[in-house]
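Input: a single structure, listed below in structure tokens.
None of the figures in this text is laboratory data; all of them are computed from the coordinates on show. This structure is a prediction, so every number in the text was calculated from the model and none was measured. Don't worry about glycine lacking a Cβ; one is built from the backbone with ideal geometry, like all the others, and counts go over all protein chains shown.
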Number of protein chains: 2
Amino acid sequence: MAAPPFTVRSESVCHGGRVGFYTHQSAALGLEARFAVFMPPNAAANAPVPVVYVLAGLTCTEETFFIKAHALQEAARLGVALVATDTSPRGAGIEGEDTDWDFGTGAGFYLDATIAPWSSHYRMGRYITQELPALVEAHFALDGTRRGIMGHSMGGHGALVHGLRAPQVWKSVSAFAPIVHPTAVPWGQKAFANYLGPDKQAWRAYDAVCLLQDGYRHPNPILVDQGLADQFLERELQPWHLRDAAHKAQQPLTLREHAGYDHSYWFVQSFAAEHIRHHARLLTGGGA
Amino acid sequence: MAAPPFTVRSESVCHGGRVGFYTHQSAALGLEARFAVFMPPNAAANAPVPVVYVLAGLTCTEETFFIKAHALQEAARLGVALVATDTSPRGAGIEGEDTDWDFGTGAGFYLDATIAPWSSHYRMGRYITQELPALVEAHFALDGTRRGIMGHSMGGHGALVHGLRAPQVWKSVSAFAPIVHPTAVPWGQKAFANYLGPDKQAWRAYDAVCLLQDGYRHPNPILVDQGLADQFLERELQPWHLRDAAHKAQQPLTLREHAGYDHSYWFVQSFAAEHIRHHARLLTGGGA
């Protein structure tokens, strides 16, 4: 039997399931890439489980959500697998990629760059929608017909955008403190101008609010949690744009605003179990 | 009103309570020290809550248990506060303190060193049993008459030792993968020879198995979880010594061995909620 096309960095039993960290050579990125998988206790080759892809935020890695979001216990209980990706290519060697914390390394924005030099490696869009699912669903007991997507901050942006663009692929969508309207805020404008170039029409394909304005819909309710003491609320997140766009589009959305909570994983962990239940409900018809 | 004798590094709402990270000038250590406090939602000046002190293992800090053990949700639910300490003094400037990962910085072993040069700063024993409780219980809504102690690895050693030495102070005790018999294993022998000198009689005061042999008892059952795939099981942890000593001493002990689990916080987080329930039950008479 051929060896799987990835290397095991570590695997540990956790909540009766298994959490593992892996490395592989990514064709989409043209570089070595890291990912993590949590398999619940009930997974077996003849009983593949639903899977939720988790996307982290600026400066984070494939480890962050698994370590800090405290989602594994509920995923184990409900029989849901989790797959985590890194937030950008690493080591592309592009001048300037390590200069800023909100652009380049750690800030791939889950899109496919079209402008040189970024277009040669910064292709996290196809990586998380095509290459990574194909890889893990071929080698772990995952049911690719029951896929969800969730994320935090920049990862919340990724979850909303890809969920809206391909609702037949991502059957459940949720986000913590997402960047909902990147074309209108500094983080997104900086990233999109570099990755996608000056034509702002091209930016709309990676902006959840614009996608809703342009007719994209998800048949299932989208769950979003937002802390009202979030230090990025006014400048970068502006969740009211999502609320308004969803309302106009008649897109089912549960946007919950929480007094006192900030942008950190102390916030994320406080509601992570509810997000896992949201996905389990939509992916298994049970859960809750 | 006088300012509290510590500096707030950060505070965040978490599970309806508040997690905070603080710095103060420690008299016991003669250095600046860091600690962390989680206050559950129901804490108030006129309703102080029980408090469990958590001790981390080699190389860790006051952040590790709070971030990785996933204990805050259950602590919030049961109305228990958590206080976390660092694992050693930092920046004592003693030659050799940063040479090894299992001795010196990050490896204070929760004892009071008696041998120069370590005796001038390495006094984590009095720090966690006296200075830190006095500080936090004066400035947070904590009920010092309802104190528990728990820890992981070297921190499990600290919890067992201090719990047995002062059961009237630490009314509930638990440990994950503790060093139960440091005088008999390499980690402990290296630390004790340096911190306490060659007289092995003096070592017994910081060895849970020796304390049981020497007549120390805790009136309440002690909870210990141990993974059987722990990479340090045979060489450093040897939980059978604790089981035998507790049996001979008629010390109530629940020692649970878990197939497949290793030494990591993936193991700790799998059973952390049960430990919080153990402490809540003993400290509040309710819980569970």
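Quick notes
- Counting, for every residue in B:14-22, the Cβ atoms of other protein chains within 10 Å of its Cβ and taking the mean gives 3.
- Pairwise Cα inverse-distance average, inverted: Kirkwood Rh of the protein assembly as shown (Å): 25.1 Å
- Result for chain A in a Gaussian network model with C-alpha springs under 10 Å: among A:Thr254, A:Thr61, A:Thr105, the largest mean-square fluctuation is at A:Thr254.
- Whole-Hz ³J(HN,Hα) from phi, Karplus 6.51 cos²θ - 1.76 cosθ + 1.60, for region B:26-42, glycine and proline x: 8, 6, 4, 8, x, 8, 5, 9, 10, 8, 9, 9, 10, 9, x, x, 8
- Taking amide H atoms as placed 1.01 Å from N in the peptide plane, the amide H of B:His258 lies under 5 Å from those of B:Gln226, B:Gly227, B:Leu228, each 5 or more residues away in sequence or on another chain.
- Descending semi-axes in whole angstrom, ellipsoid equivalent of chain A, from the Cα gyration tensor: 27, 23, 17
- Modelled spin-label separation between B:Ser120 and A:Thr183, with each label point placed 7 Å from Cα along the Cα-to-Cβ direction: 6.5 nm.
- Charge tally for B:His279 (other residues, Cβ to Cβ under 11 Å; Lys, Arg +1; Asp, Glu -1): +3.
- Chain A: most fluctuating residue of A:His139, A:His278, A:His181 per GNM, C-alpha cutoff 10 Å: A:His139
- Three-way shape label, region B:13-150, alpha-carbon gyration tensor, a/c 1.5: prolate
- Amide H partners (placed H, <5 Å) of A:Leu55, local residues excluded: A:Met150, A:Gly151, A:His152
- Remark: the Cα gyration tensor places region A:211-288 in the oblate category, a/c being 1.5 or greater and a/b not exceeding b/c.
- Across the copies of the chain, B:Glu257 has label points (7 Å from Cα along Cα→Cβ) spaced 5.6 nm apart, shortest distance listed first.
- Of A:Glu95, A:Glu257, A:Glu32, the one that fluctuates the most in a GNM where chain A has Cα springs shorter than 10 Å: A:Glu95
- Cβ-Cβ distance of B:Leu31 and A:Ser10, R₀ of 25 Å, FRET efficiency by 1/(1 + (r/R0)^6): the value works out to about 0.15.
- Relative to the other identical copies, B:Ala138 shows label-point distances of 6.5 nm, where the label point lies 7 Å from Cα along the Cβ direction and values run shortest first.
- Cα centroid separation - region A:1-75 against region A:231-282, whole Å: 24 Å
- Over region B:2-69: Kirkwood hydrodynamic radius from C-alpha pairwise inverse distances, Å: 13.5 Å
- Exceeding the 29 Å Cα-Cα cut-off - candidates A:Lys200/A:Lys248; A:Lys68/A:Lys200; B:Lys68/B:Lys248; A:Lys68/A:Lys248; B:Lys171/B:Lys248; B:Lys68/B:Lys200: A:Lys68/A:Lys200; B:Lys68/B:Lys248; A:Lys68/A:Lys248; B:Lys68/B:Lys200
- Sorted shortest first, the separations between the A:Gln25 label point and its copies elsewhere in the assembly read 5.9 nm; each point sits 7 Å from Cα along the Cα-to-Cβ line.
- Centroid-to-centroid separation of region A:80-99 and region B:82-115 [C-alpha atoms, Å]: 35 Å
- Region B:205-267 - percent relative contact order, Cα under 8 Å, separation 6 or more: 47 percent
- Taking every DSSP bridge with both residues inside chain B, close to 50 percent are antiparallel.
- Net charge of Cβ neighbours under 15 Å - reference B:Arg123; Lys, Arg +1; Asp, Glu -1: -3
- Three semi-axes of the equivalent ellipsoid, region A:115-221, Cα gyration tensor, whole Å, largest first: 24, 18, 12
- Closest approach of a chain B Cβ to the axis relating B and A (residue, whole Å): B:His70, 2.
- Spatial offset of region A:132-198 relative to region B:133-189 amounts to 44 Å, using the alpha carbon center of each.
- Charge context of B:Gln238, other residues only, Cβ under 11 angstrom, K/R +1, D/E -1: -2
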